[in-house]
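Here's the structure we're looking at; comments come further down.
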Amino acid sequence: MPPTPRFFSSLTWPPIRSIPTEDDELFENIPPEQYDLNTVIPVPQKTLETHLVRIEPMVPSLHGDALHRAFSTPGADPLFYPAGKPYTEKRQTLIYLEIQRRRTNFLLFAIIDKHSEQLAGQIA
């Protein structure tokens with residue numbers, strides 16, 4: 001099992017915008033320990049897991065690629081996709097993650113399959 005990164009949250013209130021602009025940082029390359037979750041929800045500092053899955057805060061540099069693969073694969077129920085249809089660009093997934101990060105009363109988690117170490121889902 002990989003070591004658990006330490007997560008932090010500064011809870012800064014960004015200007016209210018429904019969609020990040022082209023100039024906004026989307027944190028694709030920020031290491032987990034530097035990625036600000038920006039939440040009022042206490043961030044678990046120990047691993048949340050069962051014998052099948054591990055749950056960890058969703059971080060673009062750790063989970064962005066796998067989440068984009070899930071969001072861009074056609075054929076799922078339209079309710080699965082954030083926009084009701086598959087994304088065509090990874091930037092759309094990163095914008096989705098940034099919109100969720102800006103919701104300070106919200107904390108998005110990645111569900112990791114412990115057998116494959118692959119993203120199995122998300123939960124908030």
>> Quick check on this structure: which one of Thr104, Thr50, Thr88 is surrounded by 11 or more Cβ atoms within 10 Å (Cβ to Cβ) and either in contact with a Lys or Arg (Cβ under 7 Å, 6 or more places away or on another chain) or not basic (Lys, Arg) (or both)?
In response: Thr104
>> Pairs please, first residue from the stretch 65-83 and within 12 Å of Leu94 (Cα to Cα), second anywhere and in a loop (DSSP other than H, G, I, E, B), Cβ atoms under 8 Å, 6+ apart in sequence or on different chains.
In response: Leu67/Met58; His68/Tyr87; Phe71/Tyr81; Phe71/Pro82; Phe71/Pro86; Phe71/Tyr87
>> Considering only the stretch 29-44, I want to know if a residue exists there that is touching a residue at least 40 places away in the same chain (Cβ under 8 Å), in contact with a strand residue (DSSP E or B) (Cβ under 6 Å, 6 or more places away or on another chain) and surrounded by fewer than 18 Cβ atoms within 10 Å (Cβ to Cβ).
In response: no
> With respect to the numbered conditions (1) surrounded by fewer than 19 Cβ atoms within 10 Å (Cβ to Cβ); (2) under 19 Å from Phe27 (Cα atoms), which one is the sole condition not fulfilled by Lys114?
Replying inline: (2)
>> Testing Thr93 on (1) of a type in the set (Val, Ile, Thr); (2) within 13 Å of the chain's Cα centre (by Cα); (3) open to solvent by 40 Å² or more (accessible area, probe 1.4 Å), one condition comes back false. Which one is that?
In response: (3)
> All but one of (1) within 13 Å of the chain's Cα centre (by Cα); (2) under 19 Å from Ile19 (Cβ atoms) hold for Leu37; which doesn't?
Replying inline: (2)
> Quick one: which of Ser61, Ser10, Ser72 is within 21 Å of Thr104 (Cα to Cα), at pLDDT 85 or above and either exposed (fewer than 10 other Cβ atoms within 10 Å of the Cβ) or of a type in the set (Gly, Ala, Ser) (or both)?
Replying inline: Ser61
> Which of the residues belonging to the stretch 71-94 are out of contact with any Leu (no Cβ under 7 Å at 6 or more places or on another chain), in a helix (DSSP H, G or I) and hydrophobic (A, V, I, L, M, F, W, C)?
Replying inline: Phe71, Leu79, Phe80
> If you check Phe109 against the conditions, is it surrounded by 14 or more Cβ atoms within 10 Å (Cβ to Cβ), touching a Pro at 6+ places or on another chain (Cβ under 7 Å) and over 25 Å from Ser10 (Cβ atoms)?
Replying inline: no
> Just one of the numbered conditions (1) in a strand (DSSP E or B); (2) over 15 Å from Phe7 (Cβ atoms) is not true of Arg54; which one?
Replying inline: (2)
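The values are calculated or read from the model by the stated rules, or taken from the named source; none is laboratory data. Please read these numbers as outputs of a predicted model, since none were measured by experiment. Glycine gets a Cβ as well: all are built from the backbone with ideal geometry, and neighbour counts include every protein chain shown. For accessibility, only protein heavy atoms count, side chains too; no ligands or nucleic acids. Shrake-Rupley method; radii C 1.70, N 1.55, O 1.52, S 1.80 Å.
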